[in-house]
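Coordinate-derived values only; no laboratory data. Not measured: the values here are computed from a predicted model. Ideal geometry is used to build each Cβ from the backbone, glycine not excepted, and the neighbour counts take in all protein chains shown.
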Amino acid sequence: MVLLLALLVVLTVISGVFSKGERSVETGLQGIENAKLATFETDQRILAAAIQSYLVDHGEYPDSLESLRPTYTRADLIDPWGTQYTLEIGSTTASLISAGRDKTFGTPDDLRRRLR
């Protein structure tokens with residue numbers, strides 16, 4: 001997954017270098033951000049499935065994402081921006097959270113997936 005993201009980033013940067021004008025650079029940067037968002041979506045689906053499997057087996061959400069390893073997932077627990085995903089557990093639900101592009105939790109760019 002990380003290798004695929006790295007390849008997408010390299011290809012996007014290369015295409016930006018060979019293109020002319022500031023607009024091409026902006027397009028390249030947007031392509032990188034789109035690749036990171038796509039990776040985020042994939043990571044979230046993988047981790048959500050692992051959490052649901054843990055919930056079925058144990059009758060409760062895991063205390064942390066680390067509790068899922070290695071039985072439920074071998075997935076990287078780091079988001080595409082380089083910050084560890086966080087699991088927030090409520091009384092009846094749980095949410096997977098990414099700090100997003102600014103790498104700071106509790107800011108407007110955080111990405112959250114609520115689990116049932």
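Put in order of Cβ neighbour count within 10 Å, fewest first, the listed residues F40, F105 become F105, F40.
A prolate overall shape is assigned to the range 35-89, the ratio a/c of its alpha-carbon gyration tensor axes (a ≥ b ≥ c) being 1.5 or greater and a/b exceeding b/c. The local environment of A99, defined by Cβ-Cβ distances under 9 Å, has a net charge of -2 under the rule Lys, Arg +1 and Asp, Glu -1.
Net charge in the neighbourhood of Q44 (other residues with Cβ under 15 Å of its Cβ; Lys, Arg +1, Asp, Glu -1) is 0.
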